[in-house]
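Before any comments, here is the structure.
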Amino acid sequence: MKKPISQTGSVLQDKLESSNRRGFLKSTGALSGALVIGFHLPASNAQPAAAPQVANAFVKIDAKGQITIICHRSEMGQGVYTSMPMLVAEELEVPLSAVKVEMAPSAPVYINAMLGGQITGGSTSVRDAWTKLREAGASARTLLVNAAAETWKVPAAECSASNGSVVHKSGKKLAYGALVAKASTLKAPEKVTLKDAKDWKIIGKPQARLDTAAKVYGKAQYGIDVKKPGMLIASLAQAPVIGGKAVKVNDVKARAVKGVVNVVQIGDGVAVLAKDFYTAKKGRDALEIEWDNGAGVNLNSLEIESELRTASVNPGAIMRKDGTGIANLDKAAKKVEAEYELPFLAHATLEPVNCTAEFINGECHITGPIQFQQGAQYGVAAGISMPPEKVFIHTTFLGGGYGRKLELDFQIQAAQIAKAAGKPVKLIWSREDDMTHDFYRPVSLHQMVAGLDDKGAVTTFYSKMTSPSVTARAFPPVVQNGKDPFMAEGSENLTYKIPNVIIENVIHDTGVRVGYWRSVSNALNAFAVESFVDEIATASKKDPVALRMEMLKGDTRSLTVLKLATEKAGWGKAAAGRALGVAQMECYGTHSAIVAEVSMTKAGPKVHKITAVVDCGTVVHPDQAHAQIESGILLGFSSGMKNVITFKDGRVEQSNFDNYPMLRMSETPIVDITFVQSTASPGGLGEVGVPLVMPAIANAVATLTGKRVRKLPLMAQFA
Amino acid sequence: MLKLTVNGKVASFDGDPDTPILWVLRDHLDVTSPKFGCGMALCGACTVHLDGVPIRSCSTPASAAVGKKITTIEGLPAKVGKALQDAWIAEEVPQCGYCQTGQMMSAAALITKNPNPTEADIVGAMDGNVCRCGTYHRIQKAVVRAGKAVSRAKA
């Protein structure tokens, strides 16, 4: 029995435990427990008291009238650098173009109440901020209105805010800047009134992204662009097998490389430092290291697969049970059974993992592409034995995140290397480092059984997923009685009305280090569930859309997106040589349906068009909502068609984009996206596009060829 | 000591002549707009021009640039650079944005030669540039838009 190595990667766990000790997170339900948050500036974020300003945790206005909005979520492409300020600016009554944006430090006030930590993930940014940020804007606006009313000695009710000024009904007007001195002496209102949706000027209206210009002029600062005075670049040799340790190091040849400044050893490996990455990497390649690769050296993909299958016979945690479960399955007129398998995946953000650490006056400053600021603060503090109060987190733009940059390994490594070297250090991982030392999306096995009555109606639905639990590694207290709530995403929230349902999860630690990956388990379970629904349709000789409609009776939101998507895609009217496949689900509070149009070529299926219809409630930023759905669809497509991570003797066999290929322009299908008009509260968007694209494609392929793909990556089934 | 011309300015580099142009630009000359993605000329994030021709700077040694002109997004001829940047802004192309300067350098070479590219021309010129956010459709629109702006400026 090999010892799982996944625990060696549990920096998140250590971090959270230390956070818990500090009382920042609840010790149980860290990810689900809502925290009550007050608006106050933490001491570490307080500005020098020199100039008066109106400020709360999300907005600052100085006497010159400059408005700064604090963005407390990480900008990794999904648009929070614009959507968060939109929520504040709407209530503050200022045009979005007038605001400056600053990234938030790590502070309790910025905790994501939907996740229990200062985390960007789970498609929660807008949902968590929806009321909180509008109230922050309204609070500052109310202060300014009250300041004007006092100045003019008129009732506040006679004053209103508009376009960066307060106006009295008499026509008198004062710009916000002129009111700051007065407003800064007033107490923030305890209650504020939010605007009616009909009065919105910013929310739901076209707005230019606030980071676009910087990004196209080459001026946006990503983690990898950070530079500090006297900084060295580090390249870190880590064990070929994750979890391994260097036992013997000979750095003579590395130090002999011209330009190599230093070589330092930390727990995770040996770092070579130089003034540029090329020299650091050249020095690193000259290191002679004897590794103890640890228990992980026994990991092999074939064995992992067979062990997963063995584990799947174990009883799992029942995540949902409706009716009699599977008790009456034997009485079904017809039984349908199928198994689906998904592989490990790497995140492969285009910006490889990197981080900069600098020590100034006894403080450690960490600057980089960070998705979990609070984790970074506490993780680094523990990693270099410093009090967390002395660790400061500065978040840059992220060149992609997808969950990889939630992990704390690289921030701790940068801090440890900088500490050992006594210089500011920017640690840069090579693409190969990034591919072979990821926290991989879990492998999964899905065993599905359905019972049908004599009319072909589905009476029983059973889904058993066997897979490693990311949460058991990252946030162990959240997993109670074998239940990882995130593992049941995409199955537990089954929208179909079926009288008897069982959703069962078996947690099986394969020994591979696993991490959250854009849309988490939704993509795993949706592939199984939505492929299986089509298999049920085939078995009961029903049209896949008709069967879904039948099982969604009364669910207006689900029916609307399904109906619209199939109409737009021309369901039933596929061109000769082509077929359509459908999939639908609810995730992150958003309903969506996708139709894929495919044909066959000698090389395998070709996807021509993806039609998506989405109901996410209120759309805050229409253009970027569209961009997020398209992005999710294409990431799900890119990964699901071709990508797989495999292990041989503990080593990841993929290393770069030649053997872990990325979607390219020539392979990109047409994507047609429609949003349903709605006034419901916003649903999530960042991950919604990912899960449905592969089942829709697999369903189209089955219709076209009769070949049912039950294992991803899809193209591997046609090799 | 190598003399390199970057965006019209001469800079000297006294490191290993095998150092890829990317790291000379980023780590020695503080030009960080070309990005590191793969190190193997597989993703195009590091694309710059060498005498107007797009190259993968992660895999081209500094020694190969001696006597030639290196151009990054900051140094594109004003007309082409502005047309591209305006088009990228108008189409709201970037999401994470990490690949976009590389995308724009590939596009710059294309529209300089061929301001009215067909879809096939665009795919042919851009297929070496990976966008992990999947902004390809917007990139295509932006290339067409930028090409039109360049054509108008010429007319």
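The numbers here are math on the coordinates, done by the rules we state, and not lab data. Nothing here was measured: the structure is a model prediction, and the numbers come from that model. Cβ sites come from the backbone with ideal geometry, for glycine too, and all protein chains shown count toward neighbours.
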(request) Find the percent of Cα-Cα distances in the protein assembly as shown that exceed 43 Å, and round it to a whole number. (result) 32
(request) Round to a whole angstrom and tell me the spacing of the C-alpha centers of the stretch A:109-176 and the stretch A:350-426. (result) 33
(message) Could you work out the relative contact order of chain A? I mean the mean sequence separation of Cα pairs under 8 Å and 6+ apart, divided by the number of residues, in percent.
(response) 15
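Name the shape class, rounded, prolate or oblate, that the alpha-carbon gyration tensor gives for the stretch B:4-82, where a ≥ b ≥ c are the square roots of its eigenvalues, rounded holds for a/c under 1.5, and otherwise prolate holds if a/b is larger than b/c and oblate otherwise. Walk me through the numbers on the way to the answer.
Values: a/c = 1.60, a/b = 1.13, b/c = 1.42.
Since a/c reaches 1.5 but b/c is at least a/b, the shape of the stretch B:4-82 is classed as oblate.
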(message) Give me a comma-separated list of calculated 3J(HN,Hα) values for the stretch A:357-369, in order, Karplus coefficients 6.51, -1.76, 1.60 applied at θ = phi - 60°, integers in Hz, x for any Gly or Pro.
(response) 10, 9, 9, 10, 6, x, 10, 9, 10, 10, 10, x, x
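Can you tell me the relative contact order of chain B? Whole percent, Cα pairs under 8 Å, sequence separation 6 or more. Walk me through the numbers on the way to the answer.
Working: 275 pairs, mean separation 37.0, N = 155.
Relative CO of chain B lands at 24 percent.
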(request) Calculate, in whole percent, how much of the Cα-Cα pair population of the stretch A:190-229 lies beyond 13 Å. (result) 71
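Excluding A:GLY456 itself, what net charge comes from residues whose Cβ is under 9 Å from its Cβ, given Lys and Arg +1 and Asp and Glu -1? Show your work: numbers first, answer last.
Values: positive: A:LYS334, A:LYS455, A:LYS541, A:LYS542; negative: A:ASP453, A:ASP454.
Every neighbour counted, the sum reads +2.
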(message) How would the stretch A:379-425 be classified by its alpha-carbon gyration tensor: rounded, prolate or oblate, with rounded meaning a/c under 1.5 and the a/b versus b/c comparison settling the rest?
(response) prolate
(message) Give me the three principal axis extents of the stretch A:631-719 from the C-alpha atoms, as integers in angstrom, largest value leading.
(response) 53, 32, 25
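Net charge around A:ALA51, counting only other residues with Cβ within less than 13 Å of its Cβ (Lys, Arg = +1; Asp, Glu = -1)? Walk me through the numbers before you get to the answer.
Details: positive: A:LYS60, A:LYS64; negative: A:ASP62.
So the surrounding residues net to +1.
Please report A:ARG404, A:ARG134 as a ranked list, fewest other C-beta atoms within 10 angstrom at the top and most at the bottom. Kindly include the intermediate steps, with their values, before the conclusion.
On the way: A:ARG404 28, A:ARG134 22.
Ascending number of Cβ neighbours within 10 Å: A:ARG134, A:ARG404.
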(request) Give the Debye-formula value of log10 I(q)/I(0) at each listed q (0.15, 0.16 Å⁻¹), with one equal scatterer per alpha carbon of the stretch A:362-463, two decimals each. (result) -0.66, -0.72
(message) Going by amide H atoms built from the backbone, whose H comes under 5 Å of the H on A:ASN262, apart from near neighbours?
(response) A:LEU273
(message) Could you tell me the center-to-center distance, by alpha carbons, between the stretch A:237-273 and the stretch B:58-94 in angstrom?
(response) 36
(request) Restricting to chain A, compute how many DSSP beta bridges are antiparallel as a %, nearest 5. (result) 75
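Using the reciprocal of the averaged 1/r over all distinct C-alpha pairs, how large is the Kirkwood radius of the stretch A:577-646 in Å?
Numbers: mean 1/r = 0.0728 Å⁻¹.
The answer is 13.7 Å.
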(request) Just tell me how shielded B:119-127 is by partners: mean number of partner chain Cβ atoms within 10 Å of each residue's Cβ, no decimals. (result) 2
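Among A:ILE304, A:ILE594, A:ILE503, what is the fewest-to-most ranking by other Cβ atoms within 10 Å? Don't skip to the end; give the middle numbers.
Numbers: A:ILE304 20, A:ILE594 33, A:ILE503 26.
Going from sparsest to densest Cβ surroundings: A:ILE304, A:ILE503, A:ILE594.
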(request) Over the stretch B:1-147, consider all pairs of different Cα atoms and compute the Kirkwood hydrodynamic radius from their mean reciprocal separation; express it in Å, one decimal. (result) 15.1
(request) Using only the alpha-carbon atoms of the stretch B:45-90, report the extent along each of the three principal axes, biggest first, to the nearest angstrom. (result) 37, 20, 13
(request) Report ³J(HN,Hα) in whole Hz for each residue of the stretch B:88-98, in order, from the Karplus equation J = 6.51 cos²θ - 1.76 cosθ + 1.60 where θ = phi - 60°; Gly and Pro get x. (result) 5, 6, 4, 8, 6, 5, x, 9, 5, x, 4
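Can you give the calculated 222 nm mean residue ellipticity of chain A, where each DSSP H run of n ≥ 4 adds -39,500 (n - 2.57) and the sum is split over every residue, rounded to the nearest 500 deg cm²/dmol? The partial results should precede the final answer.
Details: 17 runs with 201 residues, N = 719.
Mean residue ellipticity, 222 nm, calculated: -8500 deg cm²/dmol.
Can you say what percent of the DSSP beta bridges in the stretch A:600-719, counting only those with both residues inside, are antiparallel? Round to 5.
Numbers: 4 of 10 bridges.
Looking only at bridges with both residues in the stretch A:600-719, the antiparallel portion is about 40 percent.
So for the stretch A:483-610: antiparallel DSSP bridges make up what percent, rounded to the nearest 5?
Values: 16 of 16 bridges.
Approximately 100 percent, going by the DSSP bridge assignments.
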(message) Inside 10 Å of the C-beta atoms of A:349-357, what's the mean count of C-beta atoms belonging to other chains?
(response) 4
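Rounded to the nearest 20 debye, what is the charge dipole size of the stretch A:267-359 about its Cα centre when +1 sits on each Lys and Arg Cβ and -1 on each Asp and Glu Cβ? All intermediate terms of the calculation are to be shown ahead of the outcome.
On the way: 10 positive and 16 negative charges, 106 e Å.
It works out to roughly 500 debye.
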(request) Enter the angle in degrees (range 0 to 90, nearest 10) between the Cα long axis of helix B:100-113 and the first principal axis of the Cα atoms of chain B, meaning the one along which they spread out most. (result) 70
(request) Would you pull out the residues with amide H under 5 Å of A:GLY65's amide H, same chain only if 5 or more places away, H placed 1.01 Å from N? (result) A:GLY177
(message) Per-residue Cβ counts within 10 Å, from other chains only, averaged over A:663-673: what number is that?
(response) 5
(request) Would you pull out the residues with amide H under 5 Å of A:THR674's amide H, same chain only if 5 or more places away, H placed 1.01 Å from N? (result) A:ALA612, A:VAL613, A:VAL614
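Taking N as the number of residues in the stretch A:418-485, what is its Cα Rg relative to 2.2 N^0.38 Å? Please report the intermediate quantities before stating the final value.
Details: Rg = 22.0 Å, N = 68, 2.2 N^0.38 = 10.9 Å.
That works out to 2.01 for the stretch A:418-485.
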(message) For Cα pairs less than 8 Å apart in space and 6+ apart in sequence, what is the mean separation divided by the residue count of the stretch B:1-49, i.e. the relative contact order in percent?
(response) 21
(message) Can you return the lysines within cross-link range of A:LYS483? Criterion is Cα-Cα under 16 Å, with same-chain partners fewer than 8 residues away left out.
(response) A:LYS321, A:LYS464
(request) Would you mind pulling out the separation of the Cα centroids of the stretch A:475-534 and the stretch A:695-719, in Å? (result) 22
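So what is the 222 nm mean residue ellipticity for chain B from helices alone, if each DSSP H run of at least 4 adds -39500 (n - 2.57) and you divide by all residues, rounding to the nearest 500 deg cm²/dmol?
Details: 4 runs with 54 residues, N = 155.
When only DSSP H runs of four or more count, the value is -11000 deg cm²/dmol.
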(request) Report the residue, chosen from B:VAL24, B:VAL48, B:VAL66, that carries the largest GNM mean-square fluctuation when chain B is represented by alpha-carbon nodes joined by springs under 10 Å. (result) B:VAL66
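May I ask for the percentage of alpha-carbon pairs in the stretch A:89-236 that lie more than 20 Å from each other? Present the calculation step by step, with values, prior to reporting the outcome.
On the way: 6739 of 10878 pairs.
Across the stretch A:89-236, Cα pairs with separations above 20 Å total 62 percent.
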(message) Hydropathy at least 0.0 by Kyte-Doolittle, axial extent at least 24 angstrom from the Cα trace: which helices of chain A, defined as entire DSSP H runs, fit?
(response) A:520-539
(message) Per residue, how big is the convex hull of the stretch A:539-667 when only Cα atoms are used? Give it in Å³.
(response) 187
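What does the charge add up to near A:LEU186, with Lys and Arg as +1, Asp and Glu as -1, over the other residues with Cβ less than 14 Å from its Cβ?
+1
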(request) List, in order, the whole-Hz ³J(HN,Hα) value for each residue of the stretch A:326-332 obtained from phi through the Karplus relation with A = 6.51, B = -1.76, C = 1.60 and θ = phi - 60°; use x for Gly and Pro. (result) 9, 4, 9, 4, 5, 8, 5
